[in-house]
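Visitor: Below: one structure in structure tokens.
Throughout, read-outs are computed from the coordinates displayed, never taken from laboratory work. This is a predicted model, so every value here is computed, not measured. Glycine also receives a Cβ, built like all others from the backbone with ideal geometry; neighbour counts cover every protein chain displayed.
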Amino acid sequence: MKTLTENGLTAAALARLGRTPNPRMKQIMTALIRHLHGFVRETGLTPAEWKTGIEFLTAVGHITDDKRQEFILLSDTLGVSAMVDLVRHRRLEHGTDSSLLGPFYRDGAPEQPLGASIAGNTPGEAIVLRGQVTDAHGRPLADALLDVWQAAPNGRYEIQDEHQAGMNLRGRFRTNADGRYEFRSVKPKSYPVPDDGPVGMLLRAQGRHPYRPAHIHFIVTADGYEPLITALYIAGDSYIESDAVFGAKQWLTVGYHKSRAAKGKGERAPDAIEFDFALAAAAETPRSRRPRPARSARPAARSRQRRAISGNIYSNI
Ligand code: BEZ
Ligand code: FE
């Protein structure tokens, strides 16, 4: 029998995949083995370090249950979730950028009339969010559904905080005949991802903070279009450039528009966020025939830079 060299061992492990019936599985496992073997060779990984890695992954498994998914958090903090999302959207028609779903989404938020507040009596600075949902060509989409959720100004989602009512800061809104939406809320604040487990230890060992910049999550859906999972990030937040999970993007960064005092009332209207969402058509369009993105979703100053960076758009689950 042959004694395997480093490269011979990789070749032997790859050869074992020869009878894998599912071609996609074969492709993925081939790349995984190549990269894992390459990683061990490149780092000169010691048995003690490999054991530490296994113990770490074991701890990630032990803390994971139906309420806490430490593996997804690990993927998020390593930038893998954001990468999967970018790669997926190579193939989609241009629309608004997407961003991470995160672990705090809850299905079944109440549908509310346009203009209503999702904030109940949550203490905080009131805001109004408004804009339009369009297709990738800027044509308004009536009856699109916006599913919205955010953390309270104390940095906690309703499911993490016994002092908030169930479904607080969550709501669903349907666009009107002009594709417009509007609702009220309170200004979000930056908050840490759960950092009391093995992923938190790993962040600290790397000298990293666990914070996400202030944001508001959206899932925007309309018949015949790709669901858009995204979030709007607040310009000027201290963590906008160093989001612990790599979700924040330039094109999803919004500022507050100051509103003037309402006529004759003397009281100031809430600050406003204005943002238009553009949805990609559900059917895949060959790259060469893709239409240009909607104007409203790609302000001129950003569009040049964006094309230079990637030429794609994305959303994620
Ligand atoms: C969030 O935005 O809710 C989130 C996303 C990824 C990891 C943790 C939290
Ligand atoms: Fe979030």
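Visitor: What translational diffusion coefficient, to the nearest whole µm²/s, does the stretch 160-236 have by Stokes-Einstein, given a Kirkwood radius computed over alpha-carbon pairs, a temperature of 20 °C and 1.002 mPa s viscosity?
Guide: Approximately 136 µm²/s, per Stokes-Einstein.
Visitor: Mind checking which of Ala151, Ala109, Ala214 has the largest fluctuation in a GNM of the chain, springs on alpha carbons under 10 Å?
Guide: Ala109
Visitor: Evaluate the charge dipole of the chain about its Cα centre and quote only its size in Debye, nearest 20, assuming +1 on the Cβ of each Lys and Arg and -1 on the Cβ of each Asp and Glu.
Guide: 1260
Visitor: Same structure, new question: Among the DSSP beta bridges whose two residues both lie in the chain, what percent are antiparallel, rounded to the nearest 5?
Guide: 70
Visitor: What residues qualify as long-range amide H neighbours of Ala144, i.e. H under 5 Å apart, gap of 5 or more or another chain, H built at 1.01 Å from N?
Guide: Thr175
Visitor: Quick one: which of Lys67/Lys249; Lys189/Lys249; Lys2/Lys26 span more than 22 angstrom between C-alpha atoms?
Guide: Lys67/Lys249; Lys2/Lys26
Visitor: Then there's this: When each pair of different Cα atoms in the stretch 99-188 is counted once in the 1/r mean, what is the Kirkwood radius in angstroms, to one decimal? Write down the numbers at each step before the final one.
Guide: Working: mean 1/r = 0.0728 Å⁻¹.
Over the stretch 99-188, the inverse of the mean reciprocal pair distance is 13.7 Å.
Visitor: Separate question: Please work out how much length the chain gains when fully extended from Lys258 to Tyr105, using 0.36 nm per residue of separation minus the C-alpha to C-alpha distance, in nm with one decimal.
Guide: Separation in residues times 0.36 nm, less the Cα-Cα distance, equals 52.1 nm.
Visitor: Around Tyr191, under 9 Å between beta carbons, what's the net of Lys plus Arg minus Asp minus Glu among the other residues? Intermediate values should be presented prior to the final figure.
Guide: Details: positive: Arg156, Lys189, Arg212; negative: none.
Net local charge, Tyr191 excluded: +3.
Visitor: Related question: Mind listing the long-range amide H neighbours of Ser190? Cut-off is under 5 Å, sequence gap 5 or more, other chains count too, H placed in the peptide plane at 1.01 Å from N.
Guide: Amide H neighbours of Ser190: Ala214.
Visitor: Calculate I(q)/I(0) for the chain by the Debye formula, one identical point scatterer on each C-alpha and no solvent, and give its log10 at q = 0.08, 0.11, 0.13, 0.16 Å⁻¹ to two decimals.
Guide: For the chain at q = 0.08, 0.11, 0.13, 0.16 Å⁻¹, log10 I(q)/I(0) is -0.45, -0.80, -1.05, -1.39.
Visitor: Running a GNM on the chain with Cα contacts under 10 Å, which residue among Ala152, Ala248, Ala177 ends up with the highest mean-square fluctuation?
Guide: Checking each option, the largest mean-square fluctuation is seen for Ala177.
Visitor: Compute the length gained on full extension between Arg68 and Ala12: take 0.36 nm times their separation in residues and subtract their Cα-Cα distance, giving the result in nm to one decimal. Could the numbers behind the result be given before it?
Guide: Values: separation 56, 0.36 × 56 = 20.16 nm, distance 3.79 nm.
That pair, Arg68 and Ala12, stretches by 16.4 nm at full extension.
Visitor: Sticking with this structure for a sec: Could you give the C-alpha radius of gyration of the stretch 1-45 expressed as a fraction of 2.2 N^0.38 Å, taking N as the number of residues it contains?
Guide: 1.24
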